Amino acid sequence: MPIPVSAPPDLSRLFSVAGKNVLITGGTGGLGGMLASAFLAAGARVWITGRKAQALAAAKATLAALGPVETLEGDLGNSEGVKSIIAGFQAQADQLHVLINNAGQTWGAPLERFPEQAWDSVQAVNVKAPFMLVQGLLPQLCAAASDADPARIINIGSVYGVTTDVQQAYSYTASKAAIHQLTAVLARELAPKRILVNAIAPGLFHTKMTNFWLENAALRETMLAAVPLNRLGTVEDIGGLALFLCSRAGAYLTGNILPLDGGILAAR
Ligand SMILES: NC(=O)c1ccc[n+]([C@@H]2O[C@H](COP(=O)([O-])OP(=O)(O)OC[C@H]3O[C@@H](n4cnc5c(N)ncnc54)[C@H](OP(=O)(O)O)[C@@H]3O)[C@@H](O)[C@H]2O)c1
């Protein structure tokens, strides 16, 4: 086959997500806030979700400097909250090009005392809610999907869904392994509808979730020692990968669990 020198990829469009509708759960801060800023900077229209009206208003005020951002309030730990987020989006848009299931919870406690309630709430937010959001928003994902530009679902998993060194976060590690598996299953089922489903498995980023360890100098050093690149992840790292997955450049990837971990899994 000839080298396509007369028709190389159009680099001005290859990595573009401009004009896409993007829903990011848990977008008031942390990785969700990083993802929201990346998609807005790239010209997308973004919806972020959260549990608290005040936190949502503050995030919207900050992110609005980058582009069009809307908020949807709801607790993803229960069906009513999930349904209200779905209905809130459907009242504002007919098409959803990108759904990012980012919101997540963790809990750590010794095996003997691990609370049943913590098991249930982590599973509800980390596994059940992403499934229900896909189910409820399928019409809008299908409406956005085409052969040339499939719709995208990105589930935020974790290296803790793969490793066994999980700091007593039993429900968390099980939930992340589950979302990885659900990613592959949905990718297979939704490919004919031209919806691509991938998971990003982050390693170590400084957010509210990891602040307990990272604000302690000794613990921070121990955790960084497990990262071959010896640094935390940044907005460029998570934003860059997510933008790639949602652009034309990422249109042939589905069903993948992509570690974004500075080499943590490679070093096991
Ligand atoms: N940070 C890391 O190093 C790391 C590593 C691997 C994977 N991850 C994953 O990355 C994702 C984002 O976590 P993060 O690190 O950015 O932590 P974070 O700053 O604590 O953010 C968690 C987000 O989830 C939302 N959330 C939690 N419980 C919720 C509920 N019941 N209903 C609705 N929203 C809820 C929070 O929203 P509110 O505004 O309502 O609190 C918040 O926006 C999670 O899935 C996490 O497992 C993070």
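Each reported figure results from applying straightforward, stated rules to the coordinates on display, with no laboratory input. Here the structure is a predicted model, which is why all the values come from computation and not from measurement. Backbone-built Cβ (ideal geometry, glycine too); neighbour counts: all protein chains shown.
Sort 69-77, 135-143 by the packing proxy (mean of other Cβ within 10 Å over each peptide's residues), most packed first.
Numbers: 69-77: 20.7, 135-143: 16.6.
Result, highest mean first: 69-77, 135-143.
Apply the a/c threshold of 1.5 to the C-alpha gyration tensor of the range 12-260 and tell me whether it is rounded, prolate or oblate.
Working: a/c = 1.44, a/b = 1.37, b/c = 1.05.
Rounded, since a/c falls under 1.5.
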| query | Can you flag which of Lys20/Lys176; Lys52/Lys208; Lys20/Lys60 are past 21 Å Cα-Cα? | reply | Lys20/Lys176
| query | Along the Cα-to-C-beta direction of Arg268, a point sits 7 Å from the Cα; which residues of the range 151-179 have their amide N less than 12 Å from that point? | reply | 158-166, 177
| How about Lys83: which aspartates and glutamates have a C-alpha closer than 12 Å to its C-alpha, ignoring those fewer than 8 places off in the same chain? | Glu73, Asp75
| Once you charge only the Cβ atoms, +1 for Lys and Arg and -1 for Asp and Glu, what is the size of the charge dipole of the range 12-260 about its Cα centre, to the nearest 20 debye? | 420
